[in-house]
Amino acid sequence: MKSLFLLLLYAVVVTLPLGFSWVFGGGPRPFWAELGTGLGMLAFSMILIEFVLSGRFRKVSSGIGMDVTMRFHQVMARAALVFALLHPFLYGGAPAGGPRPWDTTRVLTVSTDISAMAGGILAFVLLPALVALAVYRPQLDYKYETWRLMHGIGAVLIAGALLHHALSAGRYSAETELIWLWSALTGLAVGSLIWVYVIEPARARPWRVTKIERLTPRQWGVTVSPEGHKGLSYKAGQFAWLNIGHSSYSLNENPFSISSAPGASPDVSFVIKELGDFTGSLDQVKIGTRVYLDAPYGNLTIEGRAEPGIALIAGGVGIAPMLSILRHLRLTDDPRAVRIFYGNRAEEQIVFREELEAEDTVFVLSEPPEGWTGETGMIDSALLDRSFKPEEVRSWLFVLCGPPAMMDSVEDHLIARGAPSDRILSERFDYD
């Protein structure tokens with residue numbers, strides 16, 4: 001229901017400028033000119049709403065998933081780009097030039113005044129660059145924090161340029177009602193960035209690193225404790241943006257799944273794999289280092305679920321939220337059956353092995369050592385078929401976290417075997 005409501009709200013807000021132009025604007029122009037104007041207005045309103053779809057607003061992403069929110073953000077950004085690039089080429093058949101005395105409503109002409117077009121030209125150049133930098137970020141050799149700063153500044157510049165273009169060159173947008181609407185929507189968009197980058201950091205509460213240990217050659221366990229407050233209210237399976245050793249206003253923060261159980265203690269723990277610049281420097285973090293958390297996020301949680309059994313299927317560092325869920329189940333004496341599938345490349349990558357061996361855990365290695373007696377290969381359809389009876393597939397809850405290819409294949413196979421899609425929980429998102 002929340003997804004449908006948010007989709008309806010999105011459609012209403014995106015088309016609101018079109019509605020205003022229909023009610024308050026003058027008579028229509030030729031079809032292609034009207035289509036060009038409509039696409040331009042849609043592109044502008046979609047770009048402004050992109051600010052709210054950044055994933056950092058829990059009231060938006062909660063209930064539908066961070067991955068769904070981010071994917072919608074990405075798809076709509078591409079659609080807005082297409083609309084914006086098409087928009088100026090649809091005026092080809094319309095007379096161009098400056099204002100005509102007999103055309104006070106600009107029905108007959110399209111402005112070519114460079115001062116009025118400057119904002120549109122700037123946005124026409126910046127918008128494709130912004131989208132391309134986001135799409136190809138994994139292939140580009142610069143830090144996530146650098147990209148995030150560039151993305152935010154670029155988005156604000158584009159919003160300002162489009163506002164100038166709409167009010168200066170737009171025929172409908174010159175109407176008083178549209179001027180107020182565009183100004184209000186732009187103010188809300190920029191205000192959302194101020195909320196995320198200024199207001200929220202000002203409200204952030206400090207934590208301290210109280211434990212850090214190397215769990216495997218490339219994985220770390222990090223525990224933080226609240227400083228001067230009661231801690232964090234979260235659900236098992238959620239994640240946090242972790243900022244270690246920097247100001248609360250710093251962009252040096254990264255998302256990591258929480259591995260501790262809510263309610264076990266005020267401390268919050270994480271399992272972190274060495275991948276990028278920050279994670280590669282965890283060996284330099286000292287006990288007592290100040291930390292800030294932006295949390296909780298994510299819908300990979302079993303709260304409120306009543307299925308008779310729970311399957312936790314993890315690949316690599318995807319075990320972190322599964323540990324949180326498992327520990328919460330044991331802390332609350334949940335009587336349901338729990339089965340764990342934990343895949344890795346090598347045996348040395350297994351974390352918290354003794355704890356997991358005490359459970360119904362299937363360890364899977366793609367590169368097993370000599371003498372390995374557990375499962376080999378991947379967590380695949382054959383393993384799932386051997387492990388679950390048909391009635392279990394139809395009635396259990398399946399929680400997935402790991403490499404996208406693994407989650408896709410497992411989810412597809414479970415659905416093919418009769419598992420309802422609402423009993424398969426997963427989140428797919430790619431930060432750094």
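The values are calculated or read from the model by the stated rules, or taken from the named source; none is laboratory data. Quick caveat: nothing in here was measured; it's all calculated off a predicted structure. Cβ: placed from backbone, ideal geometry, glycine included. Neighbour counts: every protein chain shown. Just so you know, the surface numbers come from the protein's heavy atoms only, side chains and all, with ligands and any DNA or RNA stripped out. Shrake-Rupley method; radii C 1.70, N 1.55, O 1.52, S 1.80 Å.
Listed values for the range 339-349 are Karplus-derived 3J(HN,Hα) couplings in whole Hz (6.51 cos²θ - 1.76 cosθ + 1.60, θ = phi - 60°), namely 10, 10, 10, 10, x, 8, 7, 10, 4, 5, 8, and x replaces Gly and Pro.
Simple point charges give the picture: +1 on the Cβ of Lys and Arg, -1 on the Cβ of Asp and Glu, and for the chain a dipole about the Cα centre of about 1200 debye. Only protein heavy atoms count here; on that basis, with a 1.4 Å probe, residue 173 has an accessible area of about 10 Å².
Kindly express, to the nearest 10 degrees and within the range 0 to 90, the angle between helix 176-194's C-alpha long axis and the longest C-alpha principal axis of the chain. Rounded to the nearest ten degrees, it is 30. At a probe radius of 1.4 angstrom, the accessible area of the chain per residue rounds to 49 square angstrom. Magnitude of the charge dipole for the range 303-350, about its Cα centre and with charges confined to Cβ atoms of Lys, Arg (+1) and Asp, Glu (-1), is about 60 debye. Projecting the Cα atoms of 190, 179, 132 onto the charge dipole of the range 127-200 (Cβ charges, centred on the Cα centre) puts 132 farthest toward the positive pole. Note on the chain: percent of Cα-Cα distances in each 20 Å bin, starting at 0 and stopping at the bin with the largest distance, equals 23, 46, 25, 6, 0.
Between the range 118-136 and the range 190-206, the C-alpha centres lie 26 angstrom from each other. With no solvent and one point per C-alpha, what does the Debye sum give as log10 I(q)/I(0) for the range 178-283 at q = 0.11 Å⁻¹? Those come out to -0.45, one per q. Rounded to the nearest 10 degrees, the inclination of helix 2-24 to the longest alpha-carbon principal axis of the chain is 10 degrees. Largest accessible area first, the listed residues 323, 275 line up as 275, 323 when surface is computed with a 1.4 Å probe on the assembled protein chains. Figure note: 297, 91 ranked by solvent-accessible area, largest first, 1.4 Å probe, ligands and nucleic acids not counted: 91, 297. These residues, 396, 147, go from largest to smallest accessible area, 1.4 Å probe, as 147, 396. How far is the Cα center of the range 207-245 from the Cα center of the range 70-92, in Å? A separation of 40 Å, based on Cα centres.
Of all accessible surface on the chain at a 1.4 Å probe, what whole percent is carbon and sulfur?
Values: 12940 of 20960 Å².
Taking all protein chains in place, the chain shows 62 percent carbon and sulfur surface.
Each part gets one Cα centre, and for the range 266-305 versus the range 148-180 those centres are 38 Å apart.
Would you work out which of 81, 25, 54 lies farthest towards the positive end of the dipole of the range 10-96? Charges go on Cβ: Lys and Arg +1, Asp and Glu -1. Positive-end residue among those listed: 54.
In the chain, a dipole from Cβ-located charges (positive for Lys and Arg, negative for Asp and Glu) runs towards its positive end, and of 150, 358, 308 it is 150 whose Cα lies farthest in that direction. For residue 376, the accessible surface of its heavy atoms amounts to roughly 80 Å² (probe 1.4 Å, protein chains only, rounded to the nearest 10).
Between residue 251 and residue 334, the FRET efficiency from the beta-carbon distance, with R0 = 45 Å, is close to 0.70. Residue 200 exposes around 60 Å² of accessible area when a 1.4 Å probe is run over every protein chain in place.
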